[in-house]
1. Say we look at region 193-207 and pick out the residues that are crowded, with 16+ Cβ neighbours inside 10 Å and in contact with a Phe, Trp or Tyr (Cβ under 9 Å, 6 or more places away or on another chain); which of these is nearest to TRP244 (Cα to Cα)?
2. So which of LYS155, LYS199, LYS180 is without any contact (Cβ under 8 Å) to a residue 12 or more places away in the chain and among the basic types (Lys, Arg)?
3. What are the residue pairs meeting all of these: first residue in region 82-97, first residue modelled with pLDDT of 95 or more, second residue of a type in the set (Lys, Arg), Cβ atoms under 7 Å, and 6 or more apart or on different chains?
4. Looking only at residues that are under 14 Å from SER207 (Cβ atoms) and of a type in the set (S, T, N, Q) in region 121-155, which one is most open to solvent (accessible area, probe 1.4 Å)?
5. If we keep just the residues of region 59-89 that are within 20 Å of SER228 (Cα to Cα) and out of contact with any strand residue (DSSP E or B) (no Cβ under 9 Å at 6 or more places or on another chain), which is surrounded by the fewest Cβ atoms within 10 Å (Cβ to Cβ)?
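The values are calculated or read from the model by the stated rules, or taken from the named source; none is laboratory data. This structure is a prediction, so every number in the text was calculated from the model and none was measured. Glycine gets a Cβ as well: all are built from the backbone with ideal geometry, and neighbour counts include every protein chain shown. In case anyone asks, the SASA skips ligands and DNA or RNA and just uses the protein heavy atoms, side chains included. Shrake-Rupley method; radii C 1.70, N 1.55, O 1.52, S 1.80 Å.
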Amino acid sequence: MKFIQRSMLCLLALVVITCSSQTNSDIPAGLPKQVLVFSLTRGFHHNSIVQGNAFFMEMGRQHGFHVDTTTNAGLFTKDNLSKYAAVVWLNTTGDVLDAQQQNAFEQYIRSGGGYVGIHSASDTEYDWPWYNSLVGAYFASHPAIQEGKIITLDKQFPASAHLPDSFNYRDEIYDFKSVKTDSLQFLVRIDEGSYQHGKMGAFHPMSWYRNFDGGRTFYSAFGHTPESFSHPLISQHFLKGLQWAMGDLP
């Protein structure tokens, strides 16, 4: 009897060790996908991060994926990132990752990972050229919060297919620099004639996507105001962009 008990304990220990060392590729296909929402700021801190985190967690509950929210850059390791189908950079600002963490995130994207940048994700990591290519552009400036006319450019992509041809929207309207115009697929633009002090001219994009370096990237300049995450058009825009970056939508 003692031999049987010892054998059972050894078998149980083996099962625990095996389960605790699972990699992402070992997890059965039926388990929910995971998303990491990262919102570390080293500059301006957006109050809407609270609503953004709540929004993505609720979308996970409604659509069957698990969401972790964090401001801990230490989670950017090769092994930890491999758990996630996509990483959302939610209103990050400034220099948020060190060189080792940057390298881990580059490996993650090259392994087929997904990136979603919300609003000030473009106001992040100015000294990391690879990140400029990933996000597609850097923040340059913005006028006061005001309403402008949004024009839909792509009615086929999931994150913009639901949008009307044009609509008015109130937000902090970013101007951009270092825009990768040769490789981005633009989804919407804003009409600079519809608001004051825009600086990009006739073509002023506000959202785009691309396949990049083995992974999928989606960026939206919306998301400064807390209301962005409950607005019926914009919240659906965020959700569909995330689902595409996760690989769930064509």
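1. SER207
2. Working: LYS199 fails: without any contact (Cβ under 8 Å) to a residue 12 or more places away in the chain; LYS180 fails: without any contact (Cβ under 8 Å) to a residue 12 or more places away in the chain.
Just a single option satisfies the conditions, and that option is LYS155.
3. ALA85/LYS33; THR93/ARG42; GLY94/ARG42; ASP95/ARG42; VAL96/ARG42
4. Residue satisfying both the conditions and the ranking: THR152.
5. Checking each candidate, the answer is GLN62.
For (1) within 21 Å of GLN34 (Cα to Cα); (2) under 16 Å from the mean Cα position of the chain (by Cα); (3) of a type in the set (Ser, Thr, Tyr); (4) not in a strand (DSSP E or B), each residue gets a yes or a no:
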{"position": "THR181", "(1), (2), (3), (4)": "no, no, yes, yes"}
{"position": "ALA202", "(1), (2), (3), (4)": "no, no, no, yes"}
{"position": "TYR209", "(1), (2), (3), (4)": "yes, yes, yes, no"}
{"position": "GLY223", "(1), (2), (3), (4)": "no, yes, no, yes"}
{"position": "SER235", "(1), (2), (3), (4)": "yes, yes, yes, yes"}
{"position": "LYS240", "(1), (2), (3), (4)": "yes, yes, no, yes"}
